[in-house]
2 protein chains.
Amino acid sequence: MSLVYYHAEPAANSLKSMICLKEKGLDFESRYVDLHKFEQHSEWFVAINPEGQVPVLVHDGAVITQTSVINEYLEDVFPAVPLRPADAVGKARMRTWNKFVDEHVMNYVSMHGWHRMVGVIARSIDSGEFEKLVERIPLPDQRKKWQTARSGFSEADLAHATDKIVYACAKIEAHLAENVWLAGDMFTTADANFYSMCGMMVERMFPELEVAKNYPRVIDWRERMNARPGVRAALEMPDHTNPALRTWTGHVR
Amino acid sequence: MSLVYYHAEPAANSLKSMICLKEKGLDFESRYVDLHKFEQHSEWFVAINPEGQVPVLVHDGAVITQTSVINEYLEDVFPAVPLRPADAVGKARMRTWNKFVDEHVMNYVSMHGWHRMVGVIARSIDSGEFEKLVERIPLPDQRKKWQTARSGFSEADLAHATDKIVYACAKIEAHLAENVWLAGDMFTTADANFYSMCGMMVERMFPELEVAKNYPRVIDWRERMNARPGVRAALEMPDHTNPALRTWTGHVR
């Protein structure tokens with residue numbers, strides 16, 4: 001059996017499936033893809049994932065992309081340590097939360113992260129070289145995101161993104177009043193998702209939201225996440241981010 | 001066993017799970033929710049789905065929302081006629097396509113549909129009454145969409161939406177060169193998804209894209225979809241749309 005996980009730093013999408021791999025105690029080969037060297041758009045990596053996006057799971061030759069799809073795949077293939085409820089209604093609850101995070105949280109935290117970190121990196125590259133780097137990006141949406149990161153996201157878009165994050169925190173705060181984890185009594189892929197995309201760094205990234213005061217159950221849930229051995233092991237994976245640019249990573253250790 | 005499906009016209013989200021219910025030959029109770037009377041935001045419906053969105057599946061008291069989640073639920077609970085591959089890699093392929101349609105197709109075709117149809121309806125309501133209707137909408141994003149439909153979507157947003165639809169058609173055209181259905185040899189929920197959200201009406205809604213000429217495999221696939229008894233049965237569900245405003249529905253019969 002061969003199980004290879006191509007990933008970047010332990011944050012956002014790369015962390016999301018790493019947590020599931022570690023929580024399940026799977027024996028996999030880790031291959032670090034250096035985003036600081038734009039390896040995700042390099043020939044060797046695009047040969048594996050034509051969309052030029054990390055992470056990617058390769059299991060006995062089958063290439064699986066998209067973290068929510070990867071996490072369902074891990075449940076289908078390695079059910080010994082389940083991170084998905086056994087009953088259909090529980091599965092639906094987990095999937096509803098994953099869909100919410102994928103569609104209503106991920107891109108909005110990401111915009112603030114790109115604004116603060118990728119924007120600095122993009123502006124540090126001279127324009128001729130930047131154009132060449134952008135040309136290599138396979139997905140048109142991703143090309144646009146790099147260009148916008150360089151020129152700067154609009155205040156209106158950033159404010160809208162903050163509104164979406166406030167909505168998500170309030171929704172999850174209310175939900176945690178009656179549930180231990182997002183899908184109910186059981187830790188699932190939905191917790192790994194919200195944690196990686198927002199929960200682990202929302203307090204640090206958005207001090208103006210006063211997360212500890214306004215969303216104490218989110219903080220309690222985050223502390224329970226931080227204490228899990230699988231989550232800790234995932235966070236200990238290599239982090240080559242310039243410490244001055246760390247918006248997402250590096251805060252737990 | 002009690003299986004109830006609350007739905008609107010046979011198009012977009014309401015059609016998407018209706019196709020799966022019909023393809024699986026399930027015996028369910030159909031409850032029509034009249035969007036023209038804003039029933040999806042009425043007290044009785046919001047008591048079932050607090051987000052005020054159709055469709056909703058209620059199975060033995062369990063309320064399942066979000067069509068991609070509903071369709072996975074139907075596979076988990078009623079596997080007799082499968083619309084999801086048995087193997088994990090096939091399941092991942094199906095889910096990757098569903099995610100693509102949910103995140104990169106649905107909202108963009110929807111914007112053009114709302115621009116042409118919901119905009120006309122929204123502007124036909126006087127402003128005091130419109131404000132009252134909007135106040136009842138539970139989801140902030142949905143409130144914003146109604147307000148924008150009334151004032152008009154921007155040309156830039158509509159052009160971006162068209163770009164996303166062109167990208168999707170080209171991607172699926174290329175994929176169908178080597179695959180019978182989206183997830184491979186088997187008809188799955190991913191076909192029901194792309195058909196309901198784009199495939200069934202893309203030629204009619206966007207004549208300027210010259211779909212028959214540029215994406216002949218998409219047309220061939222659409223014709224194979226149209227010929228399926230489950231799809232036909234789903235399309236025969238009630239359609240109360242004003243014929244003058246039919247952008248999505250009514251073209252097959």
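Please treat every number below as a calculation from the coordinates, not as lab data. What you see is a predicted model; the values in this text were computed from it and never measured. Heads up, the Cβs are rebuilt from the backbone with ideal geometry, glycines too, and the neighbour counts pull from every protein chain shown.
Placing a label point 7 Å from Cα along the Cα-to-Cβ direction at B:D239 gives distances to the equivalent points in the other copies of 5.5 nm, listed shortest first.
In this Cβ point-charge picture (+1 for Lys and Arg, -1 for Asp and Glu), segment A:61-212 has a dipole of about 380 debye about its Cα centre. Sorted from nearest, the other copies put their A:H36 label points 6.2 nm away, the label point being 7 Å from Cα in the direction of Cβ.
Rounded, prolate or oblate, given the Cα gyration tensor of the protein assembly as shown, with a/c below 1.5 counting as rounded? Each step should come with its number before you reach the end.
On the way: a/c = 1.34, a/b = 1.34, b/c = 1.00.
Taking the square roots of the gyration eigenvalues as a ≥ b ≥ c, the protein assembly as shown is rounded.
Loop-resident GluC sites (Glu not before Pro) (DSSP state other than H, G, I, E or B) in segment A:147-201 with no more than 10 further Cβ atoms inside 10 Å of their Cβ: A:E178.
Can you check what the net charge comes to around B:V58, using other residues whose Cβ is under 13 Å from the Cβ of B:V58 (Lys, Arg +1; Asp, Glu -1)?
Details: positive: B:R31; negative: B:E29, B:D60.
That works out to -1.
What shape does segment A:70-130 take by its C-alpha gyration tensor, where a ≥ b ≥ c are the square roots of the eigenvalues and a/c under 1.5 counts as rounded, a/b above b/c as prolate, and the rest as oblate? It is prolate, given that a/c is not under 1.5 and a/b is the larger ratio. Over the residues of chain A, the helix contribution to mean residue ellipticity at 222 nm works out to -15000 deg cm²/dmol, using -39500 (n - 2.57) for each DSSP H run of at least 4.
Label-to-label distance for B:F130 and A:E51 is 3.7 nm, based on points extended 7 Å past Cα in the beta-carbon direction. If R0 is taken as 45 Å, the Cβ-Cβ distance between B:K213 and A:A233 corresponds to a FRET efficiency of 0.25. Name the residue farthest towards the positive end of the dipole of the protein assembly as shown from the options B:H41, A:L21, B:M111, assuming +1 on Cβ of Lys and Arg, -1 on Cβ of Asp and Glu, about the Cα centre. After comparing all options, I get B:M111. Among residues of chain A, the one whose Cβ lies closest to the rotation axis carrying chain A onto chain B, together with that distance rounded to whole Å, is A:E103, 3. Taking the Cα centre of the protein assembly as shown as reference, the dipole from Cβ charges on Lys and Arg (+1) and Asp and Glu (-1) amounts to some 260 debye.
Which entries in the list A:K164/B:K132; A:K145/B:K99; B:K37/B:K145; A:K37/A:K99; A:K132/B:K213 go over 22 Å, if you measure between the two C-alpha atoms of each? Write down the numbers at each step before the final one.
Details: A:K164/B:K132 24 Å; A:K145/B:K99 20 Å; B:K37/B:K145 17 Å; A:K37/A:K99 31 Å; A:K132/B:K213 33 Å.
Cα-Cα > 22 Å for A:K164/B:K132; A:K37/A:K99; A:K132/B:K213; rest within.
Counting only residues at least eight positions apart within a chain, or on another chain, the aspartates and glutamates with an alpha carbon under 17 Å from that of A:K24 are A:E72, A:E75, A:D76, A:D191, A:E236. Considering only B:F153, B:A8, B:T189, and ranking their Cα positions along the charge dipole of chain B that arises from unit charges at the beta-carbon of Lys, Arg, Asp and Glu, the one farthest toward the positive end is B:F153. Legend: calculated FRET efficiency, A:D163 to B:R116, from the Cβ-Cβ distance at R0 = 30 Å, rounded to 0.05, equals 0.60.
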